[in-house]
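Colleague: This is the structure I want to talk about, given as structure tokens.
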Amino acid sequence: MKSAPKTFHVKSFGCQMNVYDGDRMAELMSAEGLVATDDAHAADLVVLNTCHIREKATEKVYSDIGRIRKEAGKRGGDPMIAVAGCVAQAEGVEIVRRAKVDVVVGPQAYHNLPGLVARAATGTSALDTDMPVDLKFGHLPARRRVSPSTFLTVQEGCDKFCTYCVVPYTRGAEVSRGRAQIVDEAKALVDAGARELTLLGQNVNAWEDDGKGLHDLIADLADIPALARIRYTTSHPNDMAQGLIEAHRDISKLMPFLHLPVQSGSDRVLKAMNRSHSRDSYLRLLDRVRAVRPDIALSGDFIVGFPGETEQDFAETLSLVDAVGYAQAFSFKYSPRPGTPAASMTDQIAPEVMDERLQRLQEALNRDQAAFNAATVGRTCDVLIERKGKLPGQFLGKSPWLHSVHIVGDLAIGDLVSVEITAAGPNSVTGVPKSGHEPLRESAHERNRAAA
Ligand code: SAH
Ligand code: SF4
Ligand code: F3S
């Protein structure tokens, strides 16, 4: 029998919301008096916060469990293992059977983690994959110390049921958190050091509360004086309200960046994916966004090799990429997921065809990203300093368009500095602080630095 753990380590594998959940679980365990450790092989409790989106992501958890047991075992340890996240939701008790883990907890139930750990310490494996109507957020401890750029979940779940995707099953139906609760958490995050908040949701632009939409929430948050920047992700093309588009013109704290996945440029494939938007409606939507905010940086997600995708369909994806000119994007090979409609479609694409298409798509996306970066050279913008770089005196921050900016200067993490972009590479740009610039320093950061 394992005794009650004293130290813990949380490892997150998935999307930004998965990272947010991992942070909240860590806060929860700290509030219970456990001590966080960076060394996964030395912790008494290891929380593997998993992702189910593609097969590789799912399999990773099983190899990790094996490795942690082996490495910890070499040091005489036998850690308690908790599997959280989307694999926990999808596979449930199967994980206990296959890997003999101590705790399985789904993404809507992790506020119960301390109780589950206590039960596991008595020798019985503990499982909770409920999706309660009452969201977990009200049961989590207050936010205390966070980085300058921080996530804030405002919406969860998905009702879209794209035929390839597990998220509607692992995260449940679309639910919005209440406006007052979000504003309270935002204020706590800002007090704890956040200068930029990224509002998260599987369909974040579907957020609503009492007739108010995401743009109203963004306007509320923009009123928090010490909050400098607001972002949101991920949006669905069908939930992109006019008010949200106009917020990109009217709310200066809302950054000029939009991640709007399209998946494919072929109407035939979009229909088979159940995306419920067309190539043309997507392109017209982007025209409307660019009309109010010409410098907006666009980002997207793509899947190559969806069942039945022909060379002609794929050529339409490439031509959509050419038409948009993305500042950055994510592209994936289609991965059949158990229980989704696309997994049982007959015309699955051969792996070597997928490899070849992914390579061509990524060449096009890389070309556009490099062109976007190059086009910003000579511009002056604010950069939020997020961490130290590898070289002495070097810092890394983000521009309004979300590129990584390397800067050398007398700076500190959390500064918002005016920078001239002087050079561009494929994945990042280099900037020089404008002379005579007084870095803006927030009291919370002074506190964090003093505490560090
Ligand atoms: N809710 C968001 C993102 C969900 S998952 C949206 O709809 O845009 C993030 C990305 O993973 C998706 O946009 C898609 O490009 C990719 N993805 C989802 N399921 C996949 C699968 N079965 N195979 C390959 N990529 C997938
Ligand atoms: Fe998945 Fe589609 Fe929902 Fe995005 S919109 S989470 S891709 S089902
Ligand atoms: Fe993965 Fe779940 Fe996020 S499947 S992408 S961790 S919502």
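Colleague: More than 15 Å from ligand 2 (Cβ to nearest atom), open to solvent by 40 Å² or more (accessible area, probe 1.4 Å) and not in a helix (DSSP H, G or I): does that describe residue 294?
Modeller: So residue 294 passes the test.
Colleague: Does residue 321 satisfy the criteria of being touching a residue at least 40 places away in the same chain (Cβ under 8 Å), open to solvent by less than 20 Å² (accessible area, probe 1.4 Å), among the β-branched types (Val, Ile, Thr) and in contact with a strand residue (DSSP E or B) (Cβ under 7 Å, 6 or more places away or on another chain)?
Modeller: When the stated conditions are applied, residue 321 does not pass them.
Colleague: What are the residues in region 18-32 that are in a helix (DSSP H, G or I), over 16 Å from the mean Cα position of the chain (by Cα) and not aliphatic (A, V, I, L, M), if any?
Modeller: Across region 18-32, the qualifying residues are 27, 30.
Colleague: Right, something else. Just give me the residues in region 319-337 being within 18 Å of residue 426 (Cβ to Cβ), within 16 Å of ligand 3 (Cβ to nearest atom) and not hydrophobic (A, V, I, L, M, F, W, C), in sequence order.
Modeller: Selection gives 331 alone.
Colleague: Evaluate the following for residue 183: is it of a type in the set (Val, Ile, Thr) and surrounded by fewer than 17 Cβ atoms within 10 Å (Cβ to Cβ)?
Modeller: Here the answer is yes, as residue 183 does meet what is asked.
Colleague: Within region 297-315, work out how many residues are surrounded by fewer than 20 Cβ atoms within 10 Å (Cβ to Cβ) and away from ligand 3 (no atom under 16 Å from the Cβ).
Modeller: Final tally of qualifying residues: 5.
Colleague: Another one. Enumerate the pairs (first residue in region 291-308 and at negative phi and basic (Lys, Arg); second residue anywhere and at pLDDT 95 or above and open to solvent by less than 10 Å² (accessible area, probe 1.4 Å)) with beta-carbon separation below 7 Å, excluding pairs fewer than 6 apart on the same chain, so at least 6 apart or on different chains.
Modeller: Close Cβ pairs (under 7 Å, with a partner that is at pLDDT 95 or above and open to solvent by less than 10 Å² (accessible area, probe 1.4 Å)) amount to 293/248; 293/256.
Colleague: If you don't mind, another one. From the residues in region 213-241 that are among the hydrophobic types (A, V, I, L, M, F, W, C) and more than 22 Å from residue 300 (Cα to Cα), which one is nearest to ligand 3 (Cβ to nearest atom)?
Modeller: Result: 217.
Colleague: Say whether the condition of being open to solvent by less than 10 Å² (accessible area, probe 1.4 Å), closer than 17 Å to residue 299 by Cβ and either among the hydroxyl-bearing types (Ser, Thr, Tyr) or part of a loop (DSSP other than H, G, I, E, B) (or both) is met by at least one residue in region 201-210.
Modeller: There is at least one residue in region 201-210 that is open to solvent by less than 10 Å² (accessible area, probe 1.4 Å), closer than 17 Å to residue 299 by Cβ and either among the hydroxyl-bearing types (Ser, Thr, Tyr) or part of a loop (DSSP other than H, G, I, E, B) (or both).
Colleague: Another question about this same structure. Hey, among 146, 167, 96, which residue is modelled with pLDDT of 95 or more and on the phi < 0 side of the Ramachandran plot?
Modeller: Matching residue, one of 146, 167, 96: 167.
Colleague: Quick one: count up the residues across region 360-379 that are open to solvent by 70 Å² or more (accessible area, probe 1.4 Å), part of a helix (DSSP H, G or I) and more than 14 Å from residue 301 (Cα to Cα).
Modeller: So the answer is 4.
Colleague: Scan region 23-35 and report the pairs whose first residue is in contact (Cβ under 8 Å) with a residue 12 or more places away in the chain and whose second residue is of a type in the set (D, E, K, R) and surrounded by 14 or more Cβ atoms within 10 Å (Cβ to Cβ), with Cβ atoms within less than 9 Å and a gap of 6+ or a chain change.
Modeller: These pairs meet every condition: 23/143; 24/136; 24/143; 27/143; 34/44.
One line per residue, one yes/no per condition, for (1) more than 30 Å from residue 223 (Cβ to Cβ); (2) over 17 Å from the mean Cα position of the chain (by Cα):
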{"residue": "107", "(1), (2)": "yes, no"}
{"residue": "112", "(1), (2)": "yes, yes"}
{"residue": "125", "(1), (2)": "yes, yes"}
{"residue": "151", "(1), (2)": "no, no"}
{"residue": "160", "(1), (2)": "yes, yes"}
{"residue": "165", "(1), (2)": "yes, no"}
{"residue": "181", "(1), (2)": "no, yes"}
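Colleague: Which ones in region 330-340 are buried (at least 16 other Cβ atoms within 10 Å of the Cβ) and more than 20 Å from the chain's Cα centre (by Cα)?
Modeller: Correct list: 337, 340.
Colleague: Can you confirm whether region 206-221 contains a residue that is out of contact with any Asp or Glu (no Cβ under 7 Å at 6 or more places or on another chain) and within 14 Å of ligand 1 (Cβ to nearest atom)?
Modeller: Yes: one or more hits.
Colleague: Right, another one. Just checking, does region 169-182 include any residue being away from ligand 3 (no atom under 16 Å from the Cβ), closer than 26 Å to residue 30 by Cβ and among the hydrophobic types (A, V, I, L, M, F, W, C)?
Modeller: Yes, that holds for at least one residue.
Colleague: With the requirement that a residue be within 16 Å of ligand 2 (Cβ to nearest atom) and under 13 Å from residue 300 (Cβ atoms), what does region 318-333 give you?
Modeller: 329, 330, 331, 332
Colleague: From the residues in region 345-359 that are surrounded by fewer than 15 Cβ atoms within 10 Å (Cβ to Cβ) and not acidic (Asp, Glu), which one is modelled with the lowest pLDDT?
Modeller: 346
Colleague: Just need a number here: residues in region 159-200 that are in a helix (DSSP H, G or I), of a type in the set (S, T, N, Q) and within 16 Å of ligand 2 (Cβ to nearest atom).
Modeller: 1
Colleague: Right, next: Do any helices (runs of 4 or more DSSP H) lying entirely in region 33-150 carry at least 1 residues that are in contact with a Lys or Arg (Cβ under 9 Å, 6 or more places away or on another chain) and surrounded by 20 or more Cβ atoms within 10 Å (Cβ to Cβ), and which ones are they?
Modeller: Answer list for region 33-150: 55-74, 86-91, 113-120.
Let's see how each residue does on (1) of a type in the set (Val, Ile, Thr); (2) open to solvent by less than 50 Å² (accessible area, probe 1.4 Å); (3) free of Cβ contacts under 8 Å to residues at least 40 places away in the same chain; (4) part of a loop (DSSP other than H, G, I, E, B):
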| site | (1), (2), (3), (4) |
| --- | --- |
| 384 | no, yes, no, no |
| 400 | no, yes, no, yes |
| 407 | yes, yes, yes, no |
| 413 | yes, no, no, yes |
| 417 | yes, yes, yes, no |
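Colleague: Which condition breaks for residue 174 when tested against (1) touching a residue at least 12 places away in the same chain (Cβ under 8 Å); (2) under 15 Å from residue 52 (Cβ atoms)?
Modeller: Status for residue 174: all satisfied but (2).
The values are calculated or read from the model by the stated rules, or taken from the named source; none is laboratory data. This structure is a prediction, so every number in the text was calculated from the model and none was measured. Positions of Cβ are generated from backbone atoms using ideal geometry, with glycine treated the same way; all protein chains shown enter the neighbour counts. SASA here: full protein model, heavy atoms, side chains in, ligands and nucleic acids out. Shrake-Rupley method; radii C 1.70, N 1.55, O 1.52, S 1.80 Å.
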